[in-house]
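Laboratory data are not the source of any read-out in this text; all were calculated from the coordinates shown. Because the structure is predicted, anything quoted here is derived from the model rather than measured. Glycine also receives a Cβ, built like all others from the backbone with ideal geometry; neighbour counts cover every protein chain displayed.
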Amino acid sequence: MFPAEIEHYFRPQSVGEIHKLLANYPEGDATLIAGGQSLMQAIKSRMLRPVCLIDLQDVADLQGIDNANGLTIGAMTRYAVIAGYDEIPVAYAAIRDAASHVGDRQVRNRGTIGGSVCWNYVASCMPTVVLGTNGCLRISGADGEVREVAADDFFFGPFETACGEDEILLSVSWPTPSGKSGSAYKKWGLATDALPVVGMCVSLSLDGGNICNDARVAIAGLADGGQLVTAGGAALLGFDGNPEAIGPVTAAVIDSVECQSDHWASAVYREQLIRNLGAEVIERAYQRATAAQP
Amino acid sequence: MSRTNEVSITVNGERYDETIPNRMLLVDFIREHIGLTGTHVGCTYEGACGACTVHLDGAAVKSCLMLAVQADGHDVTTVEGLANDDGLSPLQQAFNDQHGLQCGYCTAGILMNMTDFLREHPDPSEDEIRRALIGNLCRCTGYVHIVRAVKAAAAVGTK
């Protein structure tokens, strides 16, 4: 496990500088590196052999968390920073749930939200919570124009996103929560904080009577990668916190996804994980929403 | 210029101005280039074992998951930097007192991770210690004495 030759290494200071560097190389020759906790594995195994590596660590515009108008997390914000940030609105608490349990301490000290969503690994947490909380991805194009892409339109299959080779993910953002909203994420893996065999994200909004009037469910760990489960969100409409109403919701999720059997877990085991984790995150998201300041 | 870069990396307070290949891993810079072999490679550079954990500007990171050029301009601390003229750090002393190692191969990485951890969590519970150790594999001890040593160091205070 040792990287192939890397002709050039650059550490630009601004988004404009990144675009200039990218423009100097044929498509695919230059690779952006964020925290590198997945990318370095691919580079060391020579799955990737970048001619040029562009390190984003010094680009201040990609760093940090702002909760003044909703929530905006810069693409280069590390998991440890997100996990330690206690002013994330409860509507988006699933983001913190996920960031707090990625990998291990060392990985959380380096890995970034932007790196994870752009890598879109088949079994990963951040794409799923960004989908489940309906995040908005701001992308800077080669022409310098910034476009906004909804999570639903950003994630394609595993390792595929709407962010092009000549584009740069700037941030992930969420609007000011409307009314009482809460979210939660939990995964189960083969070891503590390991990759999700199944991960469940739920976000929901409540009306004045604490009845769910909007909800999203997303799942991690299936063969198609992180995905939204529309039927799960629909089944949560009208949910009033009654624990007996949870079973039909997780049943609707199981009915509308295809659980694979692999060396990690059988399909039947995954379905059971959806029931257990689903019940837990639905309850937690609901509790968080009821406690939220409208 | 091509394939190499000039870097200035401070390791344990000493500055190294070097020209190195872009593809050199930080762990190899530390071990092969400047000869500090206390930082170990346990899992053939897969990022799985944590034996190569060092501090980058104070935060525990795996030095096999970084290129050395990425550490340009940064402060690196290795296990050799933990002790000072007054002797072992409280955590090192606790590992000694509590028999927190057997073969010792994983110890350097665990000391670096737990030093950073104790700075953030000066009074951790056993569960917190065990969860914080996930990134470090030990195949001798079963972790019992490691956890005991971290607790003992916390009781003494980390600095």
Has the stretch A:193-200 got at least one residue that is of a type in the set (Asp, Glu) and either within 30 Å of residue A:13 (Cα to Cα) or in contact with a Phe, Trp or Tyr (Cβ under 7 Å, 6 or more places away or on another chain) (or both)? no
Name the pairs: first residue in the stretch A:38-60 and on the phi > 0 side of the Ramachandran plot, second residue among the charged types (D, E, K, R) and in a helix (DSSP H, G or I), Cβ to Cβ under 6 Å, at least 6 apart or on different chains? none
Within the stretch A:77-95, take every residue that is closer than 22 Å to residue B:120 by Cα and in a loop (DSSP other than H, G, I, E, B) and give me the one that is nearest to the other protein chains (Cβ to nearest Cβ). A:84
Whichever residue in the stretch B:25-73 is in a loop (DSSP other than H, G, I, E, B), crowded, with 17+ Cβ neighbours inside 10 Å and at the interface with another protein chain (Cβ under 9 Å from one of its Cβ atoms) and, among such residues, is farthest from the chain's Cα centre (by Cα): B:72
Restricting attention to the stretch B:1-24, and to residues there that are at the interface with chain A (Cβ under 10 Å from one of its Cβ atoms) and part of a loop (DSSP other than H, G, I, E, B), which single residue is nearest to residue B:139 (Cα to Cα)? B:24
Inside the stretch B:79-94, the number of residues satisfying the requirement of being in a helix (DSSP H, G or I) and surrounded by 16 or more Cβ atoms within 10 Å (Cβ to Cβ) is 7
Hits in the stretch A:15-31 - residues which are of a type outside the set (Val, Ile, Thr) and either within 17 Å of residue B:46 (Cα to Cα) or in contact with a helix residue (DSSP H, G or I) (Cβ under 7 Å, 6 or more places away or on another chain) (or both): A:30
If we ask which residues in the stretch B:140-152 are away from chain A (no Cβ under 14 Å), in contact (Cβ under 8 Å) with a residue 12 or more places away in the chain and not in a helix (DSSP H, G or I), their number turns out to be 2
Filter result for residue A:60 (among the small types (Gly, Ala, Ser), over 14 Å from the mean Cα position of the chain (by Cα) and crowded, with 21+ Cβ neighbours inside 10 Å): no
Here the residues within the stretch B:98-117 that are outside any helix (DSSP H, G or I) and more than 11 Å from the chain's Cα centre (by Cα) are B:98, B:99, B:100, B:101, B:102, B:103, B:104, B:105
Of the candidates B:61, B:54, B:69, B:41, the one satisfying the condition of being in contact (Cβ under 8 Å) with a residue 24 or more places away in the chain, under 17 Å from residue B:135 (Cα atoms) and not acidic (Asp, Glu) is B:54
Return the residues of the stretch A:17-32 that are without any contact (Cβ under 8 Å) to a residue 60 or more places away in the chain and of a type in the set (A, V, I, L, M, F, W, C); say none if nothing qualifies. A:21, A:30
List the number of the failed condition for residue B:76; all other conditions in (1) away from chain A (no Cβ under 11 Å); (2) surrounded by fewer than 17 Cβ atoms within 10 Å (Cβ to Cβ); (3) within 29 Å of residue A:50 (Cβ to Cβ) hold. (2)
How many residues does the stretch A:99-125 hold that are part of a helix (DSSP H, G or I) and more than 10 Å from chain B (Cβ to nearest Cβ)? 8
Does the stretch B:27-37 contain at least one residue that is acidic (Asp, Glu), within 25 Å of residue B:137 (Cβ to Cβ) and touching a residue at least 12 places away in the same chain (Cβ under 8 Å)? yes
From the set of residues in the stretch A:1-32 that are among the hydrophobic types (A, V, I, L, M, F, W, C) and within 14 Å of another protein chain (Cβ to nearest Cβ), which is nearest to residue A:145 (Cα to Cα)? A:32
What number of residues in the stretch A:163-213 are assigned to a loop (DSSP other than H, G, I, E, B) and surrounded by 24 or more Cβ atoms within 10 Å (Cβ to Cβ)? 1
If you go through the stretch A:48-76 one residue at a time, how many are of a type in the set (D, E, K, R), more than 13 Å from chain B (Cβ to nearest Cβ) and assigned to a strand (DSSP E or B)? 1
